[in-house]
Each structure stands twice: as C-alpha cells, then as structure tokens.
Amino acid sequence: MENTSLAIVVPCYNEEEMLPSSLPVLLATLNDLVARNKISADSKLYLVDDGSTDNTWEQIERACSDHQGQVVGFKLSRNRGHQYALIAGLENCVGDIIVSIDADLQDDPSNIEKMVDEHHKGNDVVYGVRAARDADTFFKRATAEGYYSLMRRMGVDLVFNHADFRLMSRRALNAMLEYRESQLFLRGIVREVGFPSSTVEYDRQVRVAGESKYPLRKMLSLAWSGISSFSTAPLRAITVLGICASGLSMLMIVWVLGIRLIGDTAIPGWASILAPLLFIGSVQLLSLGVIGEYLAKIYNEIKQRPRYHISEKRGSIK
Ligand code: UDP
Ligand code: MG
C-alpha cells in the first residue's frame, strides 16, 4: 500500500521523438498513484539509455534535473539491445515492486495501476498480456502467434502474447537476477522463476512517434535466442531427421539392389545416386548448423562476460 515503493524501468534507444510525449505520461502515472496512496512517495522512474545516437541521453539528463528524486538515468556504454537495457535497469533500481515498460507507450501505462492492484492481492508477478493486437501489422501478429505456439510445442513455458510489460515483486526480481546467463530472454526466465502470478489484459496501441527499433533481423535473433536458451528440441529434431533420412536411404538401397539383382535393366544412372547424395548432404549440413548454434551458445555463456556497462548515471536512487 502507501509504503510500497514502485520502480518503473524504461529502456530507451533513439527515442528522442517519443520521450517528450511519453515522459509526462509516465510521470503523471507515477504521481497519480502516489497521490492516491497506492504507492509510496519515494517511487521512481528509471530511464536506461541503450547507447542512443540521438538526443535521448540529453533528454534523460534534463528529466533527471527537472524531477529530482523522481527520475534516475543510466546510460549504457553502447547499444546492447532491449533485453540488456532492461536488465541494467532492473539490476540497478530500488523498489518493492518493479514495472518494466517500453518508452513508446504502446503498452498503456494506465494498466500499471491494475498491475499494482493485482500485486496487492498477493501476486508476485503480473504479466501484461496483449488482448487485441490490431495496432500491430498483420505480419508482426502472425509471426508472433506462430512463434508462441511453436515455443509451446517445444515445451517452453511462455505467457501467450506477453512481451516485457510486467510487474515483479522484489523477491521475484531478485530470484530472476540470480539467472546469470549472458544471452537473455527475460520472458522465458520469469516463467522459470515461478511465484504466484496473474495477468492484466490490455490493447496494444500504435507507436505514435519514432519507429520500431525491432526490425525483422532483431526479431528473428530474439526469437532464436528464446528457442535455443530454453529448448533442446531442435537437437532432438535432428535425431528424428537422421532416423528418417537413414530409413529413406535404406529403402533406396533395397530398391537399387533389387533392380540390379532381380531385373535385367541396368541402373538408370546418376539420378539414383545424386538424389540421396544431395539429400543426405543437406541433412548433414543442416544438422551441423544446428549443433553449431548450440556450440556457439555454450561458447558465449562459458566466457561469462558482463552483460552491460553503465557509463553515466544521473539522479539519486536513495
Ligand atoms: N530498445 C532498446 N534497445 C534496442 C532496441 C529497442 O532499449 O536496441 C527499446 C526501445 O527504445 C523501446 C523498447 O526497447 O522502449 C521496445 O522497442 P520497440 O518499440 O522499437 O519494439 P516493438 O514495440 O516494435 O517491438
Ligand atoms: Mg514498441
């Protein structure tokens, strides 16, 4: 209740067009919750600049000096990506409950109040779930839905249509921070952590300014990182593929020998050699590729490199 402090963590990458409209809304949300005794007066907004190349950091600095004691800014030493900017904010914030939200207001901050209410009912994690995704393009919606069901089928527990808009209690966040993997897929880790949870449904809005920082390439990379961090199903699929391929090859061999031994026609020639050759060759390459991906994953994890570096701090976290 009124003695529960809230930390809102916002990753920002080249958001100079968005911050002038989103900062006032986020601050108003915070002030309103304080005024109505839902959270304590020392609640704060944490803005993490993910190595932006535009004026984002200058705007964050200004917000920190205009709203001292309420806004804290961290600047990462370079662009690391959304998940890393998020973990930097989560690791360095102070608060009894922590909400992560994007800087572009696509996830409406008015839902934070519902999340806080859900928390007060005894939930450690409250997932923001996109009920309607009309604001997203057809392509984004279709790929996202396909992805969530693929993950489900591979045995990965994800909350359907939940991205990274969520509330966590201090104990749930601390548990999540114990996961030290360097390749982050936070929405997967949070399910591993457990604790009582509930959901808040909302309609996703269109981005009103600036453009999406998630082009197809980054989306695919996050999607693959999610699969390879939480499932070894692709390795199992290779085994199945291998079994099928060798079954097919055996049939082919029986057929070829049959023609040679029983029939009197000579083997027609290169087609029967080339087809299995190409088939087996491509299966082998594909398999090596998938095994390589997991090997690369081990290689990257074993180095245990730091996940980010903070180069500047503004505002006080006390
Ligand atoms: N973001 C970030 N680093 C990046 C890319 C994005 O911190 O390398 C932030 C971005 O500023 C925004 C959030 O992550 O606050 C989500 O990005 P975006 O809105 O572009 O993604 P989309 O909503 O299109 O999936
Ligand atoms: Mg967005």
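Readers should treat all values here as calculations from the given coordinates under stated rules, not as data from a laboratory. Remember, it's a predicted structure, so these values are computed and weren't measured experimentally. All Cβ positions, even for glycine, are placed from backbone atoms using ideal geometry, and neighbour counts span all protein chains on display.
For the range 86-109 and the range 3-79, write down the distance between their C-alpha centroids in whole Å.
Each part reduced to its Cα centre gives a spacing of 9 Å.
In whole angstrom, how far apart do the alpha carbon centroids of the range 110-167 and the range 208-237 sit?
About 16 Å separates the Cα centre of the range 110-167 from the one of the range 208-237.
Going Cα to Cα from LYS44, which lysines come in below 28 Å? Please leave out same-chain ones fewer than 8 positions away.
LYS75, LYS114, LYS121, LYS213, LYS313, LYS318
May I ask you to evaluate 6.51 cos²θ - 1.76 cosθ + 1.60, the Karplus curve with θ = phi - 60°, for each residue of the range 152-158 and list the ³J(HN,Hα) values in order in whole Hz, giving x for glycine and proline?
Once rounded to whole Hz, the list reads 4, 5, 8, x, 8, 8, 10.
Take every DSSP beta bridge with both residues inside the chain and express the antiparallel ones as a percent of the total, to the nearest 5.
35
Quick check for you: which residues of the range 31-59 have the amide N under 19 Å from the point 7 Å beyond the Cα of GLU312 toward its beta carbon?
Flagged as within label range: 45-59.
Quick one: what do you get for the chain if you divide its Cα Rg by 2.2 N^0.38 Å?
Computed over Cα atoms of the chain, the ratio equals 1.28.
Once label points are set 7 Å from the Cα along Cα→Cβ at both SER282 and ALA237, what is their separation, rounded to one decimal in nm?
1.5
When the chain is fully extended, how far beyond the present Cα-Cα distance does ASP54 get from SER212, taking 0.36 nm per residue of separation?
Contour length minus the Cα-Cα distance gives 55.4 nm.
What angle do you read, to the nearest 10 degrees and between 0 and 90, between the alpha-carbon axis of helix 216-230 and the longest principal axis of the chain?
So the helix axis and the longest Cα principal axis differ by about 80 degrees.
Given labels modelled 7 Å from the Cα in the Cβ direction, how far is it in nm from ALA142 to CYS244?
So the label points at ALA142 and CYS244 sit 2.3 nm apart.
Could you work out how much longer the chain between SER77 and MET219 gets when fully extended? Use 0.36 nm per residue separation minus the Cα distance between them, nm to one decimal.
Here the segment from SER77 to MET219 would lengthen by 48.8 nm.
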